[in-house]
Amino acid sequence: MSMLDRFGDAVRNSPLLNRKQAQAYSLTLSQDDDPFSQGINFIVEYIGSENLPPSAGKGVTLNDQAVLKVFTRETGPYKKFSIKVTDKSLRLIDRATKQLVDDVPMYAISYCGTHAKYNRTFSFICRDHDSGRMRVHVTRAADRAKAQAMIVTVSKAFNIAFLAWQAANKQKIRSNSIERRKTGADSPRASKKIQELNEAVEKKKAAATTSPSHVSTTAQVTATLANI
């Protein structure tokens, strides 16, 4: 799947769409994007994770079901993790060992949110890079406000990452267009020539069903194409 497809899927059910849930909470950030390039850190308890079923469903429904399963199954004690949010990824770091547990690209996160019953929860859905399955990671913040602040932070980071990718993609398209004009690939004469050659190829294919001369004819068309 291309980067465009990944972002398209992520946008359709992105953390940005979950902002209404966090409107009552605010997070003070500077107007520039420097905090995200350095990373914004949160301290949480890592409760556990759960694979999602392959069947389609809404992010919030799948998330809630998985959170309930994880809290029912996992009874603690829980490890302390740092979650570092940048404009490129979400990093899970074990605070005891200082080891990087996971580094999830921002485009791979399809949903993040909390839970009505466990309102200190911050959970997110992403595609596991080993199994390829969608997986929910469940963490618990110190209080409800911090969990909501994490949702807002990931939403903003996702937006920054998407806008940066969009700008880079537009520049790539513009550069390719300039290059095509330089080589004459977009000229009317070249386009007409290509169309004529395509028509010739189709005619020869049709003739090949009634005449054994299609082998030499195909070679002639190939030679003509090489001389464009």
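Net charge near Lys98: determine it from the other residues with C-beta under 15 Å of the C-beta of Lys98, scoring Lys and Arg +1 and Asp and Glu -1.
Numbers: positive: Lys79, Lys80, Lys84, Arg91, Arg95; negative: Asp94, Asp102, Asp103.
With Lys, Arg at +1 and Asp, Glu at -1, the net is +2.
Stretched out fully, how many nm does the piece from Leu100 to Thr75 gain, at 0.36 nm a residue minus the Cα gap? Intermediate results must be reported in sequence, preceding the final value.
Working: separation 25, 0.36 × 25 = 9.00 nm, distance 2.35 nm.
Gain in length upon complete extension: 6.7 nm.
So, in Å, what gap is there between the alpha-carbon centers of the range 51-96 and the range 139-167? One Cα centre to the other: 15 Å. Using 7 Å Cα-to-Cβ label points, what is the Glu179/Lys203 separation (nm, one decimal)? A separation of 3.4 nm, rounded to one decimal place.
Taking the mean number of other Cβ atoms within 10 Å as a proxy for protection, how do you rank 116-127, 144-155, 88-99 from highest to lowest? Let's see the in-between values first.
Numbers: 116-127: 19.5, 144-155: 21.2, 88-99: 14.8.
Listed from highest to lowest mean packing, they are 144-155, 116-127, 88-99.
Per residue, the range 60-128 exposes 50 Å² of accessible surface when a 1.4 Å probe is rolled over the protein heavy atoms with every protein chain present.
The values are calculated or read from the model by the stated rules, or taken from the named source; none is laboratory data. These figures come from a predicted structure and were not determined experimentally. Using ideal geometry, Cβ is built from the backbone for each residue, glycine included, and neighbour counts are taken over all protein chains shown. In case anyone asks, the SASA skips ligands and DNA or RNA and just uses the protein heavy atoms, side chains included. Shrake-Rupley method; radii C 1.70, N 1.55, O 1.52, S 1.80 Å.
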